[in-house]
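The values are calculated or read from the model by the stated rules, or taken from the named source; none is laboratory data. These numbers were taken from a predicted model, which means no experiment stands behind them. Here the Cβ positions follow ideal geometry from the backbone for every residue, glycine too, while neighbour counts run over all protein chains shown. SASA here: full protein model, heavy atoms, side chains in, ligands and nucleic acids out. Shrake-Rupley method; radii C 1.70, N 1.55, O 1.52, S 1.80 Å.
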Amino acid sequence: MPTPEVQPSPEAEARPPSHLFYLSSLRRPLVDRAEGIYFWTKDGRRFIDGSSGPMVANIGHSNRNVLDAMKRQMDKTTFAYRLHFENEPAEELARALSHKLPEGMDRIFFVSGGSEATESCIKLARQWAVATGQPKRWKVITRFPSYHGGTLGSLAITGDDALAETFTPLMRVMPTVPAPAAWRDRDNLSMEQRGIRYADMLEDKIQAEGPQSVLAFIMEPVGGAATAALVAPDSYYARIREICDRYGILLIHDEVMSGAGRTGKFLGGDHWSCKPDIVALSKGLGSGYAPLGALAAPMRLVEPLLASGGFQHGHTYAGNPLACAAGLAVLSEMDRLDLIANAATMGDVLIAELKALQKRFPFIADVRGKGLLLGAEMVADPEALTPIAPAKKATQRLLDHAYARGLIIYGRKVKGGVDGDNFMVAPPMIITREQIGEMIAIIGDSLEALAEELDLPVAG
Ligand SMILES: Cc1ncc(COP(=O)(O)O)c(C=O)c1O
């Protein structure tokens with residue numbers, strides 16, 4: 001079942017040369033419109049958005065109530081600078097958000113994206129340390145692999161050598177601990193024991209760095225693209241909290257991808273009973289309707305900053321009325337349609353279907369995630385967990401096979417971008433059982449095409 005190469009598409013080739021440049025010069029079809037879980041292109045093709053873009057469109061595309069709320073706001077004002085005016089959408093969104101966050105997480109700082117959110121978290125942590133007489137604390141320990149953003153500050157806390165390499169002279173590289181990929185370990189420990197072992201690596205790192213120099217630890221409670229939805233053993237989360245408390249280190253949860261309901265709880269971290277000190281949100285918060293992100297923290301962290309002259313940080317578009325009106329309407333639709341519950345229920349259906357595919361395609365070594373943030377890791381040998389040769393570009397080929405069949409799924413090389421192949425399935429939270437069936441059929445066909453093309457094992 002040969003799959004045509006996605007590029008070059010004749011329609012794209014016929015268009016005038018683009019003045020845009022991004023990752024590659026690959027031309028993609030021109031999008032026309034989107035609705036629900038679907039996109040339509042100008043040349044009349046339909047695509048299922050099986051990854052919500054890069055896990056953004058949590059409530060689905062073209063939601064009428066969100067668009068109407070934005071239009072109402074547009075008729076009043078789209079921009080009013082926060083140093084000149086307060087605006088109702090920002091006030092209301094901050095209030096609504098604080099009700100969805102763990103108790104006490106009720107101070108909100110708006111930004112316009114995920115990198116701005118994580119970078120704001122570390123700047124808040126640092127300024128808090130200085131304001132409370134701990135100026136020697138500056139190191140932010142992070143996990144490897146991980147992804148926390150592309151700006152220099154957020155890249156410095158991203159565990160990905162391939163992404164960082166060129167820019168390291170411009171950054172202060174931060175200490176790392178291994179991401180808790182406990183499923184890979186071949187030892188006699190139980191998963192819970194492994195969870196403790198991974199968490200204790202943080203304590204070892206704190207000791208090695210000098211406890212008084214460590215400011216914070218940042219982690220994605222449910223992994224994003226760097227680990228394909230990695231979930232740690234349950235024991236990990238509480239132990240990490242305990243270690244951070246023992247050394248007076250702030251725990252930052254990067255919920256840019258896992259937050260805003262995607263995992264079947266408002267925050268990914270809500271699946272465990274340990275609370276972070278600071279939370280970064282973005283992606284699903286604006287759900288693709290407006291660039292929006294937020295940092296949430298308790299008053300005890302914010303008060304010392306305010307008392308010492310305010311947070312020395314901010315971005316021009318932060319808290320603008322239009323983006324906040326969109327965010328407020330997104331949260332309200334999430335409640336009205338009970339989408340977080342649907343993410344949990346449909347997540348159970350989807351993960352069961354992916355596990356069934358794993359039986360058919362034994363080169364899928366692991367299927368994981370929570371709710372509708374799911375990932376699968378592919379290997380050449382499921383026993384030895386040998387990676388598929390990088391030259392085979394397995395992730396990209398699978399994505400191409402699915403794309404050619406009208407399904408968008410997501411994937412990046414794992415293990416810090418060096419090797420390791422995965423794909424992620426993270427459709428909008430409005431997805432139905434039937435639509436999951438439609439996606440799974442395409443994923444099955446695409447895996448079959450990949451197995452044939454790369455000579456990977458298929459069950460009898
Ligand atoms: C966990 C996580 N943090 C931060 C970011 C950076 O967000 P943005 O691309 O909006 O700057 C991302 C983006 O993928 C992410 O997944």
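Worth a mention:
- Shape call, the stretch 65-336: gyration tensor on alpha carbons, a/c limit 1.5: prolate
- Excluding same-chain neighbours fewer than eight residues apart, the aspartates and glutamates reachable from K136 by a Cα-Cα span under 16 Å are E209.
- Per-residue HN-Hα couplings for the stretch 282-294 [Karplus 6.51, -1.76, 1.60; θ = phi - 60°; Hz; x = Gly/Pro]: 6, 5, x, 5, x, 6, x, 7, 7, x, 8, x, 7
- For the residue pairs K392/K413; K265/K370; K283/K393; K359/K392; K139/K205, alpha carbon separations beyond 18 Å are given by K283/K393; K359/K392.
- In this Cβ point-charge picture (+1 for Lys and Arg, -1 for Asp and Glu), the chain has a dipole of about 720 debye about its Cα centre.
- Whole-number accessible area per residue in Å² for the chain, which is evaluated in the context of all protein chains at 1.4 Å: 43 Å²
- When the chain is described by a simple charge dipole with +1 on each Lys and Arg Cβ and -1 on each Asp and Glu Cβ, the residue from S287, L124, L20 located farthest towards its positive end is L124.
- Estimated at 0.36 nm per residue, the fully extended path between D75 and E11 surpasses their Cα-Cα distance by 19.3 nm.
- The stretch 26-73, dipole about Cα centre (Lys/Arg Cβ +1, Asp/Glu Cβ -1), debye to the nearest 20: 140 debye
- Taking the stretch 65-336 and dividing mean pair separation by its residue count, relative contact order in percent (alpha carbons under 8 Å, at least six apart): 31 percent
- As a length-normalised measure over Cα pairs under 8 Å and 6 or more apart, the relative contact order of the stretch 285-428 settles at 16 percent.
- Net charge contributed by nearby residues that have their C-beta within less than 14 Å of F85 (K/R +1, D/E -1): -1
- CD proxy at 222 nm, helix term only [per DSSP H run n ≥ 4: -39500 (n - 2.57); per residue of the chain; nearest 500]: -12000 deg cm²/dmol
- For the stretch 275-325 and the stretch 377-438, distance of Cα centres in Å: 33 Å
- Inter-label distance, nm, simple model (7 Å from Cα along the C-beta direction), D335/R186: 5.2 nm
- Average Cα contact separation per residue, the chain, under 8 Å, 6 or more apart, as relative contact order %: 22 percent
- Across the accessible surface of the chain, with the other protein chains kept in place and a 1.4 Å probe, carbon and sulfur atoms take up 54 percent.
- The residue among A402, Y236, A365 whose Cα reaches farthest toward the positive pole of the charge dipole of the chain, with charges on the beta-carbon of Lys, Arg, Asp and Glu, is Y236.
- A straight chain from R64 to R360 at 0.36 nm per residue would run longer than the Cα-Cα distance by 102.6 nm.
- Length released on extending from A307 to D455, taking residue separation times 0.36 nm less the Cα-Cα span: 46.9 nm
- Bridge orientation summary for the stretch 65-336: considering DSSP beta bridges with both residues in this region, about 40 percent are antiparallel.
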